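Colleague: Okay, here's the structure, questions in a sec.
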Amino acid sequence: MVMSMTGFGRCETQVNGRQITVEMKSVNHRYFEFSCRTTRGYSFLEDKLKKYVAQKVARGKVDMYVSITEAEDSEVVVAINKPLALGYVNAIHSLATEYNIPDDLSVSVLSRYSDIFQIHKEEQDEEQVFADVKVALDIALESFLSMREAEGVKLKEDVLSRVDTIMSIVSEIEERSPITVEEYRAKLTKRISDMLSGTEIDEQRILTEAAIFADKVAVDEETVRLRSHFEQMKTFFDSGVPIGRKLDFIVQEMNREANTIGSKVTDSILAHKVVDIKSEIEKIREQIQNIE
């Protein structure tokens, strides 16, 4: 299936007492790029999340936010930095003695010095935390991928519609191209006839000149290659694998063939048709920038 590189997914749920929110979005990028913000203390999740998402996403810049709130009954240990506390006590007593001021040191006064307390949360089981987060991630990821798939369907339809338009124009060019040779031959015959004023015309010379002209303006090879590129593009759309970079290369080749045709044609009607082809190719190029 064709996937767009634009997507969004979100899930907020509770798992094993943890309130978990996962939000992810993506935009176009040449390669896969992943960035993640997590609740403080859970940075160990980032590499695991990147590897997990990379299994599902081939291209695009993915931004993820993970919020984790622990259950209220999770154990928190508050320890005292005793050497530091003793240092504060001695310093306060010394200050009172040296400056002859009341020594009103109490526990409540000492507790204002927050650096003497060390807070330790219950040690996390990283694998269990990741397993819990993955529950929310899978739900967000499903929504995210569904959006990318829906956008991909629209992109495929638009591109193939433009391909059909170009194929139709190519057919018109193939039909018109031989006519331009006959028109050139007729003009050449008239011009020579006017110049020679009734003198017998060298028909072989006209045929030779017409053949040279036909060779210069022949676009058969280019139109055949264009058709081949279009067929290859359709095959890619049905391949079921990421195709964005392949399509980008094919569009470059298509544009090259269109430029060559444009440099060969001398007929204004064909010139306008080439402009139409290049316009459609450019629109295809813009669209495939969004394809994974």
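The values are calculated or read from the model by the stated rules, or taken from the named source; none is laboratory data. Everything numeric in this text was worked out from a predicted model, so none of it was measured. Using ideal geometry, Cβ is built from the backbone for each residue, glycine included, and neighbour counts are taken over all protein chains shown.
Colleague: List pairs: first residue in the stretch 241-260 and under 13 Å from residue 3 (Cα atoms), second residue charged (D, E, K, R) anywhere in the structure, Cβ distance under 7 angstrom, at least six positions apart or on different chains.
Modeller: Close Cβ pairs satisfying both conditions: 242/59; 242/292; 244/59; 244/292.
Colleague: Just checking, how many residues over the stretch 150-170 are surrounded by fewer than 16 Cβ atoms within 10 Å (Cβ to Cβ) and more than 30 Å from residue 272 (Cβ to Cβ)?
Modeller: Residues meeting the conditions: 2.
Colleague: Among the helices (runs of 4 or more DSSP H) confined wholly to the stretch 179-292, which include 1 or more residues that are of a type in the set (Gly, Ala, Ser) and at pLDDT 90 or above?
Modeller: Ranges flagged: 220-237, 244-264, 268-288.
Colleague: While we're here: Restricting the search to the stretch 112-133, which residues are at pLDDT below 85 and more than 47 Å from the chain's Cα centre (by Cα)?
Modeller: Selection gives 114, 117.
Colleague: Then there is this: Looking at 243, 261, 250, which is the one that is farther than 22 Å from residue 29 by Cα, out of contact with any Ser or Thr (no Cβ under 6 Å at 6 or more places or on another chain) and of a type outside the set (Lys, Arg)?
Modeller: When all the criteria are applied, what remains is 261.
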